[in-house]
1. Quick one: would you say B:SER126 is touching a Ser or Thr at 6+ places or on another chain (Cβ under 8 Å) and at pLDDT 95 or above?
2. I'm trying to understand the selection: among the residues of the stretch B:235-244, which are open to solvent by less than 10 Å² (accessible area, probe 1.4 Å) and at the interface with chain A (Cβ under 9 Å from one of its Cβ atoms)?
3. Test each condition in (1) closer than 17 Å to B:ALA55 by Cβ; (2) under 14 Å from the mean Cα position of the chain (by Cα) for B:MET261 and report the one that comes out false.
4. Which of (1) open to solvent by 30 Å² or more (accessible area, probe 1.4 Å); (2) free of Cβ contacts under 8 Å to residues at least 40 places away in the same chain; (3) not in a loop (DSSP other than H, G, I, E, B) does B:ILE224 not meet, given it meets every other one?
5. Name every residue in the stretch B:164-191 that is among the acidic types (Asp, Glu), closer than 21 Å to B:ILE145 by Cα and more than 22 Å from the chain's Cα centre (by Cα), in order of residue number.
6. Looking only at the stretch B:124-142, count how many residues are open to solvent by less than 80 Å² (accessible area, probe 1.4 Å) and within 24 Å of A:THR402 (Cα to Cα).
7. Considering each residue of the stretch A:302-340, count those that are open to solvent by 20 Å² or more (accessible area, probe 1.4 Å), part of a loop (DSSP other than H, G, I, E, B) and not hydroxyl-bearing (Ser, Thr, Tyr), and give that number.
Amino acid sequence: MKTTRFSLILIVAAIMIIGISSVSVSVSDAFHIGGVGRCSGCHTMHNSNALLEDTPMNIETPIGTAGPYLMIRNTQSETCLSCHHNTTGVPQSFRVSSAYTAGVGPSQLPPGGDFGWLSANYSWTAGGGTIATTPGFSLGHNIIAPLVNAAYILDGRHPDAPGGSYPSNKMQCTSCHDPHGRYRTLPDGTEAVTGAAIISSGSYGATHATFAVGAYRLLAGEGYEPKSTPGHAFESRTPVAVSPTTYNRAETTFDTRVAYGQGMSEWCANCHGGFHNDDYPTNLRHPAGNAAHLTPEIVNIYNAYKETGDMTGAEASSYWSLVPFERGTTDKAVLLANSGITGTGAGPTTDSNVSCISCHRPHASGWESAGRWNFRTDFTVFAGLWPGTDVGTSASYAQGRTTAETRRAYFDRDAINYSDYQRSFCNKCHAKD
Amino acid sequence: MKGMRKNIKIILSINLLFLFIASTTSAELKVSHLYNLSSFNGKSPYNWATLSVDAGKNEIYVINPTDRAVSIYDENAMKIYSFNDDRAIGNIVDVTADEDGNIFALSYKGLEYSVMLLNYRGELISEVKLKDIPKDIQAFHPNRIRYLNGRLYLADFNYLRIIVSDKKGNFDRVIDIDSLLNIEEKKRDASVIGGFHIDSNGNIFLTFPVDALAYKLSPEGEIIAFGRPGSAPGRFGIVGGIVTDDKGNYFIVDTLRCVVMIFDKNHVFQKEFGYFGSKDGNLIAPKDIALDGRDRLYVSQAGRRGISVFKISY
């Protein structure tokens, strides 16, 4: 009896000890889920002492003094890239940055592009013996995060946003994305920064009858003006789009179709307003915007265009994620049906519109001006190959890249999908080839 | 009543005894910064390099993500050799060594992976073709490779699977982390692995940075999870690499908080070290970690600060 009682005491004691030492066994929520994550994920209140060490969390500033805006790190982008930078060398989910490997490119393939392209610097001998270059800073938005990547520094060319006045020295992830994810779609479809609690991400087609869903990709909307960048408040709401849940992937077999709905060009115009035009041929610049509907002629061309010299395509399978368009609707059910990674290939209609992201990627790409394709070449494919310094392509087409790099810049597509002498992908809409 | 009071006293005494033992363990473990991995040109300025250790020789392999070259450092932290500078083996993302000093390199050409068997000089012996992989494993893009007791473990951080084969590539089994942890569908996309380690007993250790959790999976199928999100000491900010010592202590990197946390075998937080800063011993966004046979911890970080080496003293 005494022995049994003692055994029970030991068991109870063991359970109590285990209860002290183990904590949670359930998978907790992801960090953002459409809205703001836990404050301690990015901020420190006092930069206080660590346990057993007389050392603050951020040793660059004294105890009691946190980083800018009470951040754990010294820049916003370095905070974000603690999670969103990839080191595995393989496409991985929500990573949008990775190391650039010369001759190969960076490794992440999200539709927005991999910031790692900013590290690429190309030069080649052009006609007449001159040296032509594509500097890394020309390949995308120059977020400032030098501790993550030495190439993530101030834009070497533009002191302000092209077509706007947003200062380049303020360029951070938070220039476009609201780190607190306040923008939300209410049950009535309107966008606000309050009014109902955010219950889920709004990037994958979710809506809710009672609660709100977050803005697409936590983008910032009308009125956004972070303390770090006063005087550049956004005027336009966030765009409406639906992404497939698996989106960071090679497009060798099927495209990654993000179904863009409306508002992307208006949103880009928050900083690049000088380029916005949805009323061609007035205001002579390339159409882009909700009112820039594709004409019947352009729709027919897009749907028929398969490759240079082949106009035998059909609407049912004409879609290219290399040249996407907006559907012209904010109906998420429609967009959800359009998004995917298994060949949802329907092309545009006259309700669709051209957008900034029809030709550009929002983060960075392997091409100048974050282009989805090389704007600076006659031949996108030459002699059946992606041009490259290692496959005998002339320097003016290879432009300093290996064929593997060119392929990576096209999201690992195979050149065989196009004409052996494929011209620019502008021709998907304009068929001048 | 008297009997109950006596029992409570015994319980409290036993608890205090355990806590005393725990705190004694905490006081004994010390960590000190030694140096950084270097070559004859000075500190090697890697940015978030991938690490692997040959515990038998106490050599450390470092894969540079910018050129996929593999450098080997000796037990004095000096670079003694490098291979794949010309990417003859492809884009190497990880390496592991067997007891004979042969190297298995996980390499990619585009998005096609291969396991290459190399000699100790990094020269190709043969490709290890994985055979009889079940057809229902459609998407598999391993990020890390580890060797243990005649088995190769290939871990896919995105699709949460580990394929195990013998040294010749014959399929042994698949460890389906997704099923084991029963991750909810709505959380699935964000649940990616941050760190991966196998100890000499075959226990698998994983970290999930977004979920702020660390796991131990035993060969018998037992799953232990621990960790709490937060910014206080011992809390998980964004966890990355994980490694264990032969006493069962866990060393877990926190990329956001710029520390390495130490938990004992009972998952009780002991201490942390590093911290964001530019002095020796500080860490800038550490990612990966490795431990050699001489109680030396290697931590890779950003800011071109390379690999910091710490000595653990018990």
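1. Numbers: touching a Ser or Thr at 6+ places or on another chain (Cβ under 8 Å): no; at pLDDT 95 or above: yes.
No: the conditions fail for B:SER126.
2. Correct list: B:GLY237, B:GLY240.
3. It is condition (1) that B:MET261 fails.
4. (2)
5. So in the stretch B:164-191, the residues among the acidic types (Asp, Glu) come out as B:166, B:172, B:176, B:178, B:184-185, B:189.
Those still in the list that are closer than 21 Å to B:ILE145 by Cα too: B:166, B:172, B:176, B:178.
Across the stretch B:164-191, the qualifying residue is only B:ASP172.
6. Within the stretch B:124-142, residues that are open to solvent by less than 80 Å² (accessible area, probe 1.4 Å) and within 24 Å of A:THR402 (Cα to Cα) number 1.
7. The total comes to 9.
This table checks each residue for (1) more than 9 Å from every other protein chain (Cβ to nearest Cβ); (2) farther than 22 Å from A:ASN86 by Cα; (3) in a loop (DSSP other than H, G, I, E, B).
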site: B:LYS216; (1), (2), (3): yes, yes, no
site: B:PRO219; (1), (2), (3): yes, yes, yes
site: B:ASP246; (1), (2), (3): yes, yes, yes
site: B:LEU256; (1), (2), (3): no, no, yes
site: B:PRO286; (1), (2), (3): yes, no, yes
site: B:ALA290; (1), (2), (3): yes, no, no
site: B:ARG304; (1), (2), (3): no, no, yes
site: B:LYS311; (1), (2), (3): yes, yes, no
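The values are calculated or read from the model by the stated rules, or taken from the named source; none is laboratory data. All values derive from a computational prediction rather than experimental measurement. With ideal geometry, Cβ positions are generated from the backbone for all residues, glycine too; neighbour counts draw on all protein chains shown. Heads up: the accessible areas ignore ligands, DNA and RNA and are worked out on the full protein's heavy atoms, side chains in. Shrake-Rupley method; radii C 1.70, N 1.55, O 1.52, S 1.80 Å.
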